[in-house]
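This report concerns only the one structure given below.
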Amino acid sequence: MQHSIIEVTHLSKSYGEKKVVKDLSFSVQKGTVLGLLGANGAGKTTSIECILGTKKRNSGSITILGKDPRKDRKELFQKIGVQFQDASYQHEISVKELCEETESIYKHPQDYKMLLKQFGIADKEKSLVKSLSGGERQRLFITLALIPQPEIVFLDELTTGLDARARREVWNVLKTLKSNGMTMILTSHFMDEIEALCDEIIILKKGNVEFKGTVKEAIDKSPFEHFEDAYLWYSDEERDDELLKEKEEA
């Protein structure tokens, strides 16, 4: 029987009186890509921060690779890669310096030059981070997340700012990593990305789980034929009536 690499049970998180995540439970198997979806403010980032142990949960239990992310953070640090959309690094540092600095903190780092080449930014090695375009910076952040050769990688809006070709190139690299057994949790507002990469999805709405399953199941359990329409139906209450009306008129 395959063991779960990530196990989240009854996770809840509040800020004062405001409940941001309510009773979230799921498990992730090795080599699975899980999409954590929802409108802004649905609780995606807070859920990930609690899972990583960077935010303290109010209740529930979490294990990553059988370890508690808060108690065993130092040990798990070597096995997890994280890329956040709003990652902030020194802008006066070069790409090469930042990659070398990142390599130095891991025991078994991957060759960053190879990763830069894979993501199409090998020619930017000597450039300052501040001189990179939004898309180049995003690809750099993914590179940094993969330097530790993680068993699990967390990717937050990974292709924001990339053009269509660059997005496809990133997808292809991630598909290769997945085929090699890497486990991923990603957030994205691009539904084609979710359809291309995710084995399973969770759709959050105001901290509650609205849907858990595959993309196909999400479509089948909604009134719609396309995933983007189904996603909006699950995640955005303001669109519920409007979408149903459109469907009836079609």
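The values are calculated or read from the model by the stated rules, or taken from the named source; none is laboratory data. Since the model is a prediction, treat every value here as computed from it, not as a measurement. Here Cβ is always computed from backbone atoms with ideal geometry, including for glycine, and neighbour counts include all displayed protein chains.
May I ask you to list the residues in the range 173-192 that are farther than 14 Å from Ala42 by Cβ and surrounded by fewer than 21 Cβ atoms within 10 Å (Cβ to Cβ)? It would help to see each step written out before you state the result.
First, the residues of the range 173-192 that are farther than 14 Å from Ala42 by Cβ: 173-186, 190-192.
The answer is Val173, Lys175, Thr176, Leu177, Lys178, Ser179, Asn180, Gly181, Met182, Phe190, Met191, Asp192.
Looking at (1) at pLDDT below 95; (2) surrounded by fewer than 18 Cβ atoms within 10 Å (Cβ to Cβ), which one does Gln118 not meet, given that it meets all the others?
(2)
Take the range 83-110 and flag every residue that is farther than 19 Å from Leu128 by Cβ, modelled with pLDDT of 90 or more and surrounded by 15 or more Cβ atoms within 10 Å (Cβ to Cβ).
Across the range 83-110, the qualifying residues are Tyr106, Pro109, Gln110.
I'm checking my understanding of the structure. Among residues of the range 121-131 that are part of a helix (DSSP H, G or I) and of a type in the set (Gly, Ala, Ser), which one is modelled with the highest pLDDT?
Within the range 121-131, the subset part of a helix (DSSP H, G or I) is 122-124, 129-131.
Still in the list and also of a type in the set (Gly, Ala, Ser): 122, 131.
On the way: Ala122: 96, Ser131: 92.
Applying the filter and picking the extreme gives Ala122.
Just to verify a result, which residue in the range 220-232, among those that are more than 16 Å from Glu193 (Cβ to Cβ) and not hydroxyl-bearing (Ser, Thr, Tyr), is surrounded by the fewest Cβ atoms within 10 Å (Cβ to Cβ)?
Per the stated criteria, the residue is Glu225.
Can you pull out the strands (runs of 3 or more DSSP E) entirely within the range 132-250 that have at least 1 residues that are more than 30 Å from Ile105 (Cα to Cα), basic (Lys, Arg) and at pLDDT 85 or above?
Working: elements: 152-156, 183-187, 200-205, 208-213.
Ranges flagged: 200-205, 208-213.
Search the range 11-38 for residues that are touching a residue at least 12 places away in the same chain (Cβ under 8 Å) and crowded, with 21+ Cβ neighbours inside 10 Å and pair each with any residue that is outside any strand (DSSP E or B) and of a type in the set (D, E, K, R) when their beta-carbon atoms are under 6 Å apart and the residues are at least 6 apart or on different chains.
Filtered contacts from the range 11-38: Leu11/Arg57; Lys13/Arg57; Val33/Lys178; Val33/Asp199; Leu36/Lys44; Gly38/Lys44.
Would you list the strands (runs of 3 or more DSSP E) that sit entirely within the range 1-99 and hold 2 or more residues that are over 25 Å from Glu157 (Cβ atoms) and not charged (D, E, K, R)? Quick ask: steps written out before the conclusion?
Values: elements: 4-15, 18-29, 33-37, 59-64, 80-83.
Result: 4-15, 59-64.
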